[in-house]
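Okay, so here's the structure we're looking at.
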Amino acid sequence: ILADEVIEDTLVTTGDSLIVEGTVMGDVLAFGERVAIRGRVEGSVFLAGREVEISGTVLGNAHVFSAQARVEGEIGKGLYAGADRFVLTDDATVGRGALVVGDRVVVEGQVALDGYFFAAEVEMGGSVGRDLEFGGETLRLLAGSQVGGDLTARVAETERVRIDPGAEVAGEQDVRVDPRVQHALEDYSSPRFYVWRVVWLVAAFGLGMALFLLLPGLFEGRVATAPAFFRALGLGFAALVLTPIAVVIIALTVVGIPVAVLGAGLYLSAFYLSHLCVAALVGASLVHPAGSARRRFAIAFLVGLVALTVAYHLPIFGGLLRFVGLLLGLGLLLDRIRVVWDQRFGSAEVPA
């Protein structure tokens, strides 16, 4: 995209080398060997490639997944990155918080709010406006670095946190040994880990698109308010706990054994489908692409799957997020079943 070009819609593209030097009024979803944003993006970006560069301006959120990533421009909102090597240069600014997962992370720029860094090694010479949370092997705060709030570190050995003279931490410092961090980092260093994540993404995307074509209403569930969110969690918890009990009771009768087997199969299938529903919900809240219904769903669904993949594999918090996602997804599934039931049978008249 040349410097004098203006794209007035969401840009979705794949290729070997993708460079945006112009202006995109919507979001950018780019997947390629090398992806670079050097111009201006009015919306959010979702970038995946072996090398990713953001040296321009992104007014929305930046989502990056790559082997090597470098941010030296302006991010208007949040930064969410998964990369083997990640650098936030001294010219870079992040308008809100930053979440980075990787092997080696260098933070020289400014993060306006909280910073969450989970990596084998993090070297920070820049600033975080509020709290800094770290999980990994080594954290070093260089002279001149600033943390506006508290520092929380979860490491394999406490001496792996080094704060140089001249570094400032305004709040409290909490450094603890947590063996879960070492286990997670071992996973991140294995190529097999990333291969299986890609396989899961491709399989989930293909199944989700097939279900959308067959049962489009399955992914129409929305959580617009906090009460609706907790209601969905409650429904999901009830389904998680009560369904196995019901299956066992039904299986106690000889006639009910086939029904119980079918119910157990549906119960296990619901675990997988629940995460697909959450991915559709998350994607729809992050992007609003134009085009046909199929295109809008495909883009949003893919974005949601990538977001869940990163979130579910965060050290320490990943397991909790996965459990919350399971409950939320089960609740959404139950709500969609209720809606379909009401549409088909709710208005049926009772014969006189």
Strands (runs of 3 or more DSSP E) (entirely within segment 67-174) containing at least 2 residues that are touching a strand residue (DSSP E or B) at 6+ places or on another chain (Cβ under 7 Å) and modelled with pLDDT of 95 or more: 79-88, 98-107, 115-124, 132-141
Residue in segment 46-66 that is under 24 Å from Val107 (Cβ atoms), out of contact with any Asp or Glu (no Cβ under 9 Å at 6 or more places or on another chain) and of a type in the set (S, T, N, Q) present: yes
Quick check on segment 229-271: of everything there that is touching a residue at least 60 places away in the same chain (Cβ under 8 Å) and open to solvent by 50 Å² or more (accessible area, probe 1.4 Å), which residue is nearest to Leu333 (Cα to Cα)? Leu235
Residue in segment 1-39 that is nearest to Glu72 (Cα to Cα), counting only those that are among the hydroxyl-bearing types (Ser, Thr, Tyr) and at pLDDT below 90: Ser17
Report yes if Gly43 is closer than 20 Å to Arg140 by Cα, at pLDDT below 95 and not hydroxyl-bearing (Ser, Thr, Tyr), otherwise no. no
Would you confirm whether or not segment 218-228 contains a residue that is under 27 Å from Arg295 (Cα atoms) and exposed (fewer than 13 other Cβ atoms within 10 Å of the Cβ)? yes
How about segment 281-301: which of its residues are open to solvent by 30 Å² or more (accessible area, probe 1.4 Å), in contact (Cβ under 8 Å) with a residue 12 or more places away in the chain, within 20 Å of Ala203 (Cα to Cα) and out of contact with any helix residue (DSSP H, G or I) (no Cβ under 6 Å at 6 or more places or on another chain)? Arg294
Looking at Val306, Val310, which one is touching a His at 6+ places or on another chain (Cβ under 9 Å), crowded, with 23+ Cβ neighbours inside 10 Å and within 14 Å of Trp200 (Cβ to Cβ)? Val306
If Val223 meets every condition in (1) of a type in the set (A, V, I, L, M, F, W, C); (2) touching a residue at least 40 places away in the same chain (Cβ under 8 Å); (3) in a helix (DSSP H, G or I) apart from one, which number is that one? (3)
Checking Phe271 against (1) assigned to a helix (DSSP H, G or I); (2) more than 30 Å from Val195 (Cα to Cα), which single condition isn't satisfied? (2)
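Here is a yes/no grid of residues against (1) in contact with a helix residue (DSSP H, G or I) (Cβ under 6 Å, 6 or more places away or on another chain); (2) under 21 Å from Arg96 (Cβ atoms); (3) surrounded by 21 or more Cβ atoms within 10 Å (Cβ to Cβ):
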{"position": "Thr10", "(1), (2), (3)": "no, no, yes"}
{"position": "Ile19", "(1), (2), (3)": "no, no, no"}
{"position": "Val28", "(1), (2), (3)": "no, yes, yes"}
{"position": "Ala36", "(1), (2), (3)": "no, no, yes"}
{"position": "Arg50", "(1), (2), (3)": "no, no, no"}
{"position": "Ile54", "(1), (2), (3)": "no, yes, yes"}
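The values are calculated or read from the model by the stated rules, or taken from the named source; none is laboratory data. Since we're looking at a predicted model, the values are computed, not measured. Reconstructed Cβ throughout: ideal geometry from the backbone, glycine too, with neighbour counts over all protein chains shown. Quick note on the areas: whole protein, heavy atoms, side chains included, nothing else; ligands and nucleic acids left out. Shrake-Rupley method; radii C 1.70, N 1.55, O 1.52, S 1.80 Å.
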